[in-house]
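Read-outs throughout are calculated quantities, based only on the coordinates presented, and are distinct from any laboratory measurement. As the structure is a computational prediction, the values presented were derived from the model and not from experiment. All Cβ positions, glycine included, derive from the backbone under ideal geometry; neighbour counts span all protein chains shown.
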Amino acid sequence: MFSIKKPLRISAFSSLLIGITALQSCSTSKSEQISTNITVSSEGPYFSGSNSFFSEYSVDLTSLISEKPLAADDIKSIKLSKASVQHIENSDFDFNQFNSASLQVVSDNAPMTSIAILNPIPENATTTIQINASKEADLAEYFKESSFTYLFDLDFKEDDYSDAMSFSLDLEFIIEYN
């Protein structure tokens, strides 16, 4: 009787494994890399410490990927893969006047999520910096809404009495979808 149960367990386990594999192969997801440019801005003066720059982003799922119009239910994940920042107005500007930089997203229905950071900003920073994208942060929840806000923080070393500043964010995302 013992020898009969053992083959049945192996057989049931094998059947379950084959079933899971079959389901996974039927629901293959696709991925696509997209790029976007966001301008964030703020009014001065700016004081030593963290200062925030904002941009409201209106989501248009139908034009996100090239293959087909995307629906919210199609999205499996959206992750930031690359982020670079450049000051817009002044070509002589460099990032040496800042200690660190970070990029977050926030919306009415989802908590603030950090998606990229650079701490510290290197001493030899020039007119463009690359901030390190989070490998864990999934933005799918934000892209399923009608809009969300990009929040770019710079930690100023000293006070700056500029009237306003704007930065260009070049962002690359990897979208996984059905």
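Summary table
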{"item": "Nearest-0.05 FRET efficiency for Ser77 and Thr127, computed from C-beta distance (R0 30 Å)", "result": "0.40"}
{"item": "Label point distance in nm, Ala140-Asp108, each placed 7 Å from Cα along Cα→Cβ", "result": "2.4"}
{"item": "Protection-proxy order for peptides 119-129, 72-82, 146-156, each taking the mean of Cβ atoms within 10 Å per residue, highest first", "result": "146-156, 72-82, 119-129"}
{"item": "At R0 = 25 Å, FRET efficiency that the Cβ-Cβ distance of Asp170 and Asn99 yields, to 0.05", "result": "0.70"}
{"item": "Hull shadow area, averaged, the stretch 29-177 [alpha-carbon convex hull, nm²]", "result": "8.9"}
{"item": "Length-normalised contact order for the stretch 94-160 - Cα pairs under 8 Å, 6+ apart - percent", "result": "46"}
{"item": "Pairs of lysine residues in the stretch 29-177 - Cα separation under 27 Å, sequence separation of 8 or more or cross-chain", "result": "19"}
